[in-house]
1. I'd like to know which of Ala115, Ser131, Ala59 lies farthest towards the positive end of the charge dipole of segment 2-140, counting +1 on Cβ of Lys and Arg and -1 on Cβ of Asp and Glu.
2. Express in nm, to one decimal, how much length is gained between Asp66 and Lys19 on full extension, taking 0.36 nm for each residue of separation and deducting their alpha carbon distance.
3. Among all cysteines in the chain, which have no other cysteine Cβ under 4.7 Å from their own Cβ?
4. Hey, fewest Cβ within 10 Å first, where do Arg113, Arg73, Arg6, Arg65 land in order?
5. Which helices, counted as full DSSP H runs in the chain, have an axial Cα extent of no less than 20 Å and a Kyte-Doolittle average of -0.5 or above?
6. Can you pull the Rg over Rh of segment 1-145, Cα-only, Kirkwood?
7. Test of understanding: ordering Thr26, Thr81, Thr15 by Cβ neighbours within 10 Å, fewest first, what list do you get?
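Every number in this text was worked out from the coordinates using simple rules, so none of it is lab data. Nothing here was measured: the structure is a model prediction, and the numbers come from that model. Here Cβ is always computed from backbone atoms with ideal geometry, including for glycine, and neighbour counts include all displayed protein chains.
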Amino acid sequence: MTVRIRAHHLLCMLTYVGKGYSEAFTKGYDTVVQRLSSGEDMLLVAGPDDICQPLLGDAAPHCFRDTVPERDRLAANAVETLIGRPIRDGERFSLDAPMIKRMRAAFHAGITRQACHGCEWFDLCSTIADSGFHDVRLNRHRIPSESR
């Protein structure tokens with residue numbers, strides 16, 4: 001199987017600690033983290049992804065706000081520059097421990113956070129990064145140490 005993910009969630013998952021918009025959202029996010037941790041690859045998508053799925057039944061899901069595609073564009077550009085490979089809709093790739101470590105270091109240093117400005121979770125994510133990514137859920141599961 002493949003996890004469908006939008007570009008800005010590549011940054012969000014670095015600091016995810018089980019907080020979110022609703023209980024259904026965090027339960028779904030936990031499932032996505034487990035899938036990624038087990039080595040499933042990702043397919044970059046435009047628009048709502050597997051993380052957004054529990055919110056799509058809401059009256060006005062934030063995934064459709066005008067600011068979200070710009071957040072995706074900025075995140076894709078930042079991550080693409082960092083890892084040196086295309087991060088565009090339709091691209092498939094996998095995470096491994098060295099890539100996550102590199103992405104977290106760049107996130108903490110502010111190198112890849114252009115997409116985060118104006119986000120309601122910015123302060124929480126900053127606190128998590130400043131704590132050394134303590135209690136992040138992506139670390140609770142085994143991440144492969146080499147790309148597949």
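1. My answer, from the dipole projection, is Ser131.
2. That pair, Asp66 and Lys19, stretches by 14.6 nm at full extension.
3. For the chain, the answer is Cys12, Cys116, Cys119, Cys125, because their Cβ atoms have no other cysteine Cβ under 4.7 Å.
4. Ranked by crowding around the Cβ, least crowded first: Arg65, Arg73, Arg113, Arg6.
5. 23-37, 67-83
6. Ratio value, two decimals: 0.92.
7. Result, fewest neighbours first: Thr81, Thr26, Thr15.
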